[in-house]
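Novice: My structure is below; once you've seen it, I'll send some questions.
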Amino acid sequence: MTRAPGDMSVASAGLWSRDFSLFFAARGVARLGDMMAPVALAAGLVLSGHGAGAVGGVLAAMTACFAGFVVFGGVIADRVDNRVLMIWADLVRVAVQAVMAGLFLTGHVVVWQICLLSAVNGICAALFQPGLPTLIPRIAADVQGANGAIRTVESLMTMAGPAVAGVLVGLTEPGGVFVVYALTYLMSAVCLALLRLPAPVRSVAGNGEGKKGASSFRSDLVQGWQEFRSRTWLWGVIVIWMVLMVASWGPMIPLIATEVVSEHGPRTLGLVNSALGAGMAAGALIAMRVRPVRPLRAGSVALLLYWLQPASVALGLPVPLIATGLAAAGAANAFWGVMWTTSILTQVPAEVRSRVHAYEVAGSVAMMPVGQALAGPASELFGVREVLWFNAATALVVALALLCVPAIRNLRKVEGRGVSDRIRVPQLRGRA
């Protein structure tokens, strides 16, 4: 593999360089806080006399703002130093969570105010997220290994977050959880600020050339869409994934929670969710080692196990077998996630990567609330287990559909796109 001058010293340092270790810590602590938040919100609102509708409204406010603004965040991230943007997004979220903590600690809980704060949090997340795919290749020569490591720590924090939040709620009340949540964003911002990065790759528009103002921003938005739609493998996956969100993933999560709690109790739900997180960590670790020539084909094959998550609950299996099914599905999902993210980071030029990633995230997230909203009516009409069987069948069909699209299954890996993106491919438009 040929490397550009200056790359070897960074590559020889291995994956765990100073910068990657800081980034690893930032992602781990941020995910811990994100997984604590739903528990704290639910506990705080319920203890304040509000019901499930209030909890759903607050979470929906954050998700809707994230999905609505992430594309614009992608344009901004490609026009500025994305690390600076990510740090400011973290710092604003520190303030948001501090205010949230104050409201809960003083007992002044007004739903519209909590919704407004959650909406601001969602906007900040939309500004933060698009910077990730451009930042990772600037700190790691091994992009797939870096993605695997990040996915592993995020999976572990997905397991730990709800448990830590539960303990903190018992010790400090929900407001105390939001104090810790604010600190996780502060720690993330500090870690990002300590990174020693080379100059970012800027797009032409981002350098201030060409049109200015609203027209320039709009042209960047259009360019991002053109880059997104020019890659059949990319938009093909998103179209298929949108079906998965509506018909499987979205409704499956609340239905599994409802069924497990009603049949086995809330502690069992925590147990099987921990099994899911353990499986995700295992899948991410495997993805760090396995280097398929056609990563999306390998990821799609792994997703053939994903149907076990809803099916194990629909079958009414004993708890150990449900946990096993969720662990297998978690491993499959994490392995796919590493293959997918690595493909984006290595196939899409750095100049437009944030915008392309933003379109990808928006398409992936947009349909989830629709599926979640359909879960209740569908389960009342057909029954919970019947809908879960439909979710399982859809998951299996989606994995097969990914394998049936030539542009997806035949996409070959690209080597040498890490370490500051010094190895550059000027244009990849039109590639399948």
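Novice: Considering the range 72-84 alone, what residues qualify as being in a helix (DSSP H, G or I) and either surrounded by fewer than 21 Cβ atoms within 10 Å (Cβ to Cβ) or without any contact (Cβ under 8 Å) to a residue 24 or more places away in the chain (or both)?
Specialist: Step one: filter the range 72-84 for residues in a helix (DSSP H, G or I), giving 72-79, 82-84.
Matches in the range 72-84: Phe72, Arg79, Arg83, Val84.
Novice: Are there any helices (runs of 4 or more DSSP H) wholly within the range 296-389 with 1 or more residues that are surrounded by 21 or more Cβ atoms within 10 Å (Cβ to Cβ) and of a type in the set (Lys, Arg), and if so which?
Specialist: Working: elements: 308-314, 319-347, 350-366, 368-382.
Counting at least 1 such residues, we get 350-366.
Novice: Here is a further query. Can Arg229 be described as surrounded by fewer than 19 Cβ atoms within 10 Å (Cβ to Cβ), touching a helix residue (DSSP H, G or I) at 6+ places or on another chain (Cβ under 8 Å) and free of Cβ contacts under 8 Å to residues at least 40 places away in the same chain? Step through it out loud before you land on a result.
Specialist: Numbers: surrounded by fewer than 19 Cβ atoms within 10 Å (Cβ to Cβ): yes; touching a helix residue (DSSP H, G or I) at 6+ places or on another chain (Cβ under 8 Å): yes; free of Cβ contacts under 8 Å to residues at least 40 places away in the same chain: yes.
For Arg229, the condition - surrounded by fewer than 19 Cβ atoms within 10 Å (Cβ to Cβ), touching a helix residue (DSSP H, G or I) at 6+ places or on another chain (Cβ under 8 Å) and free of Cβ contacts under 8 Å to residues at least 40 places away in the same chain - is met.
Novice: Considering (1) at pLDDT 90 or above; (2) surrounded by fewer than 21 Cβ atoms within 10 Å (Cβ to Cβ), say which one His264 fails and leave the rest.
Specialist: Just one mismatch for His264, condition (1).
Novice: Right, another one. Listed residues Ala149, Ala182, Ala140; which is touching a helix residue (DSSP H, G or I) at 6+ places or on another chain (Cβ under 8 Å), touching a residue at least 60 places away in the same chain (Cβ under 8 Å) and within 19 Å of Asn82 (Cβ to Cβ)? Show your work before the answer.
Specialist: Details: Ala149 fails: within 19 Å of Asn82 (Cβ to Cβ); Ala182 fails: within 19 Å of Asn82 (Cβ to Cβ).
Answer to the selection: Ala140.
Novice: Also, quick follow-up: Take the conditions surrounded by fewer than 18 Cβ atoms within 10 Å (Cβ to Cβ) and in a helix (DSSP H, G or I) and apply them to Ala149. Does it pass? Explain how you work it out, then say what you get.
Specialist: On the way: surrounded by fewer than 18 Cβ atoms within 10 Å (Cβ to Cβ): no; in a helix (DSSP H, G or I): yes.
No.
Novice: A further question follows. For the range 359-402, what are the residues that are of a type in the set (Ser, Thr, Tyr) and either touching a Lys or Arg at 6+ places or on another chain (Cβ under 6 Å) or modelled with pLDDT under 90 (or both)? Write out each step before concluding.
Specialist: The first filter runs over the range 359-402 and keeps only residues of a type in the set (Ser, Thr, Tyr), leaving 359, 364, 379, 394.
Answer for the range 359-402, where residues must be of a type in the set (Ser, Thr, Tyr) and either touching a Lys or Arg at 6+ places or on another chain (Cβ under 6 Å) or modelled with pLDDT under 90 (or both): Tyr359, Ser364, Ser379.
The values are calculated or read from the model by the stated rules, or taken from the named source; none is laboratory data. These figures come from a predicted structure and were not determined experimentally. So basically every Cβ, Gly included, is an ideal-geometry build from the backbone, and we count neighbours across all protein chains shown.
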